[in-house]
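*Asks:* Quick one: the structure is below, and I'll ask about it shortly.
Since every read-out is calculated from the coordinates, none of them should be taken as a lab result. Only a predicted model underlies this, so the values are computations on that prediction, with no experimental measurement involved. Ideal geometry is used to build each Cβ from the backbone, glycine not excepted, and the neighbour counts take in all protein chains shown.
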Amino acid sequence: MFDGTTDEISKLIEPGRVHRRVYTDSDIFELEMERIFGRAWMFAGHTSQIPNPGDYVTSDIGRQPIIFIRHKDGKPQVLLNRCAHRGPKVCNEPCGNVKALTCLYHGWTYDTDGTLLDVSMPEGSASHFKKSEFGLAKASRIGEYRGFIFVSLADKGISFDEFLGPMKANIDDLVDRAPDGQITLDAGKHRYFFRGNWKLQVENVLDSYHVPYSHASTVNKKGEQFSRREGDKEGAQVIEENKGKEKPSNKLRGRRSYVVGIGHGWTSKHELNESKRTSDTFDIYKSRLIERVGTVKAEEILTPKYNNSLLYPNCSIMGHNIHIRIIRPVAVDLTEVTVYPVKLKGAPEEMNTANIRLLNVTHSGSSFIQTDDLECFKLTQQGLQSLQSDWIDLSRGMDEEKMDPRLNMLSQAAVHELAVRSQYGAWLQYMKE
Ligand code: FES
Ligand code: FE2
């Protein structure tokens, strides 16, 4: 039996390797729900999902159901979706608009900020019952950056500013691409489950090592992936011929990963020929962007710095074919992934539509890319049932970690495992008593 002491948890993580139990042990999973998902700052939604008072979206933080709702006063609220009477979820649609929230069981009614407005048959209430004490609970802390709303379910811990830190730049990198300076997450979502531990997907977000192998079927004869952005004629060079043999391309090997404390990190952009990017739609988009920010800034924005970014523990910003991905643990061996296509406000409609269509092909539950990863996660979970060894190796590049003096961040080739080791550093911090 696992007792959850700091001493016991620390034994699971060693330099360059982690114990298989972190993926397979349901006692450890229960502790993760309490100590990581109950403490960390977690993505609750984007303000564009709830433009009007009364608009709401329901989801879960770890296993705790929430309602992300815009109150009458215009402020976004994150309420815990649990009736203060006897506990059922009050809001049971994925999204909608309400004047008030009424519990289906005995009809108590709550305002859009969670205040209890009405108790059915109030004459039966006990003499000590105070309506003011029975509102829907709110997330303890809430923070916003450029429409991204994050919450922490714990009263104490690092501030939202400390959590976000230098990762603000990764959000800017995405949002600045919109000619109107705003993105929207109102184009629906993909949602799928895989039979594996949640950390398998989190690790994969910054793993460039697997690309030429698990995604081998996604490249053409020249070793290039399909184009993923409006205006590109070709996609990333993943494989190339070297002395008569097919090898991972130099461009892929040149990609860097960076880590930014508390598990966050990002991979640098795969080099593509930005100056040759053109199409009728792209040229309209570019001129709208230039109109707002000027030529120099537009060139900078159109040469993105980031491929994928991870806000640990479970939010990833995919900068290439753009989407936001939220990873939600359900059980030790079951995980839900939600993919939100990103629309750039002010961009031509065809360009936003093309991006949504592309995500159907690359990152839906029945796509060319994401399904490769899901197969790897499922087979890893199955393989880890073998007791052949207790340890998972994460040592690639351990001798090559370097401080990038310009950014003041630890960095190395993205085909190494710096990012995963850094995630386990954060995991340990959260998991201590
Ligand atoms: Fe919600 Fe009774 S459980 S009103
Ligand atoms: Fe992948």
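*Asks:* Sort Phe29, Phe129 by Cβ crowding within 10 Å, fewest neighbours at the top. Could the numbers behind the result be given before it?
*Replies:* On the way: Phe29 20, Phe129 11.
Ascending number of Cβ neighbours within 10 Å: Phe129, Phe29.
*Asks:* Another one. What Kirkwood Rh does segment 182-285 have if only Cα atoms enter the pairwise 1/r average? Answer in Å.
*Replies:* Numbers: mean 1/r = 0.0608 Å⁻¹.
About 16.5 Å, per the Kirkwood formula over Cα pairs.
*Asks:* If you check each cysteine of the chain for another cysteine whose beta-carbon is under 4.7 Å away, which ones come up empty?
*Replies:* Cys91, Cys95, Cys315, Cys376
*Asks:* At 4 °C and a viscosity of 1.567 mPa s, what translational diffusion coefficient does Stokes-Einstein give for the chain, taking Rh as the Kirkwood radius over Cα pairs? Give it in µm²/s as a whole number.
*Replies:* Values: Rh = 23.2 Å.
After rounding, the answer is 56 µm²/s.
*Asks:* In addition: Would you list Met121, Met167 from fewest to most Cβ contacts within 10 Å? Intermediate results must be reported in sequence, preceding the final value.
*Replies:* Values: Met121 8, Met167 23.
The order, fewest Cβ neighbours first, is Met121, Met167.
*Asks:* Label segment 45-145 by shape, choosing from rounded, prolate and oblate, from the square roots a ≥ b ≥ c of the eigenvalues of the Cα gyration tensor; if a/c is under 1.5 it is rounded, and otherwise prolate applies when a/b is larger than b/c, oblate when it is not.
*Replies:* Since a/c reaches 1.5 and a/b is larger than b/c, the shape of segment 45-145 is classed as prolate.
*Asks:* Ok, one more. Relative to the Cα centre, what is the charge dipole magnitude of the chain, using +1 at the beta carbon of each Lys and Arg, -1 at the beta carbon of each Asp and Glu, and rounding to the nearest 20 debye? Walk me through the numbers before you get to the answer.
*Replies:* Working: 57 positive and 58 negative charges, 110 e Å.
Magnitude of the dipole: close to 520 debye.
*Asks:* Sequence gap at least 6, Cα distance under 8 Å: using those rules, report the relative contact order of the chain to the nearest whole percent. Numbers along the way, then the final one.
*Replies:* On the way: 862 pairs, mean separation 90.7, N = 433.
21 percent.
*Asks:* Looking only at Cα atoms, what is the convex hull volume of segment 259-367 per residue, in Å³?
*Replies:* Working: hull volume 14.2 nm³, N = 109.
Dividing the Cα hull volume of segment 259-367 by its residues yields 130 Å³.
*Asks:* Related question: What is the fewest-to-most order of Cys83, Cys95 by other Cβ atoms lying within 10 Å of their Cβ? Could the numbers behind the result be given before it?
*Replies:* On the way: Cys83 21, Cys95 17.
Fewest to most other Cβ atoms nearby, the residues stand as Cys95, Cys83.
*Asks:* If you take the charge dipole of segment 160-431 about its Cα centre, with +1 on Lys and Arg Cβ and -1 on Asp and Glu Cβ, which of Ser316, Thr335, Ala354 is farthest toward its positive end?
*Replies:* The residue sitting most towards the positive pole is Ala354.
*Asks:* In addition: Positive end of the charge dipole of the chain (Lys, Arg +1 and Asp, Glu -1 on Cβ, about the Cα centre): tell me which of Ser208, Leu31, Gln225 has its Cα farthest that way.
*Replies:* It is Gln225, whose Cα lies furthest towards the positive end.
*Asks:* If you place +1 on the Cβ of every Lys and Arg, -1 on the Cβ of every Asp and Glu, and leave all else neutral, what size is the dipole of segment 45-145 about its Cα centre, to the nearest 20 Debye?
*Replies:* Numbers: 12 positive and 10 negative charges, 44 e Å.
Dipole about the Cα centre, nearest 20: 200 debye.
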